[in-house]
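Presented below is the structure to which this report refers.
The values are calculated or read from the model by the stated rules, or taken from the named source; none is laboratory data. Since the structure is predicted, the reported quantities are computational estimates derived from the model, not experimental observations. Glycine also receives a Cβ, built like all others from the backbone with ideal geometry; neighbour counts cover every protein chain displayed. We work out accessible area using only protein heavy atoms, side chains counted, and drop any ligands, DNA or RNA first. Shrake-Rupley method; radii C 1.70, N 1.55, O 1.52, S 1.80 Å.
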Amino acid sequence: MAVKRVLKYGEKTLREPSKEVHKVSKKITDLIQDLLDTMYAQNGVGLAAPQIGVNLRVFVIDVSTNNEPLNPIVFINPKIIKKSGAIESEEGCLSFPEAYSKVKRYKYVMVKALDDKGRPFVLEAHDGSLLARAIQHENDHLNGVLFIDHCSNRFETDEILAKYNLPPIDPEKLVSEPELDEELEQTKKND
Ligand code: ZN
């Protein structure tokens, strides 16, 4: 297939909710290949369909490192069915070239999805691993949510966005996560 242009923060499609896939047709397998080609071309860890301009509920992740064989995981119509714990870490996104910011995430997730053949599977990711965070990040893209909406400190994040000539945070879009805040607060007290 082909390497596609990755939409940049500020483009409307990134804020639009994506639609469920009804059938894993040729159109969908082509989309999956485009996502993989584009993700690998950009050295990304994950890429969601809206980032290449397609508002369908599909994303791909590969957390393998340079000296490991490629290990792509395809998620169609994903649903996060369990989540717990809290972690703060630096995140980036191919739609925000070079800009990294600290965000709040769950440590553990269980996700249910269809694979590239339309077969259901369940996957767990633990300990705030790159996989656990990538699943939450990519899943958000399908709902028009971006990583900066989870930022730990909006003023710091705004400074980073300005530095890379990206639009500022939209306060309306900030995600309220009192359970994450509470857990992070506890962790800090115990340190
Ligand atoms: Zn992203």
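Remarks
- DSSP bridge pairs, the chain: antiparallel proportion in percent, nearest 5: 95
- Segment 119-191: C-alpha pair distances exceeding 20 Å, %: 46
- Shape call, segment 87-136: gyration tensor on alpha carbons, a/c limit 1.5: oblate
- The residues of the chain expose, per residue, 54 Å² of accessible area to a 1.4 Å probe.
- Contact order for segment 98-191, expressed relative to its length and based on alpha carbon pairs under 8 Å spaced 6+ residues apart, stands at 28 percent.
- Axis angle, to the nearest 10 degrees, between helix 154-163 and the longest C-alpha principal axis of the chain: 60 degrees.
- Take every Cα pair under 8 Å whose residues are at least 6 apart in sequence, average their separation, divide by the length of the chain, and the relative contact order is 22 percent.
- Highest mean first, the peptides 172-180, 59-67 sorted by other C-beta atoms within 10 Å per residue fall in the order 59-67, 172-180.
- Rg to Rh, two decimals, where the chain supplies the alpha carbon set and Rh follows Kirkwood: 0.95
- Ranked by how many other beta carbons lie within 10 Å on average, peptides 132-144, 74-86 from highest: 132-144, 74-86
- Rounded to the nearest 20 debye, the dipole magnitude of segment 12-190 is 660 debye, with +1 charges on Lys and Arg beta carbons, -1 on Asp and Glu beta carbons, and the Cα centre as origin.
- Here the chain has 50 percent of its accessible surface on carbon and sulfur atoms, given a 1.4 Å probe and all protein chains in place.
- Among the protein heavy atoms, those of ARG15 account for about 60 Å² of accessible surface (1.4 Å probe, every chain in place).
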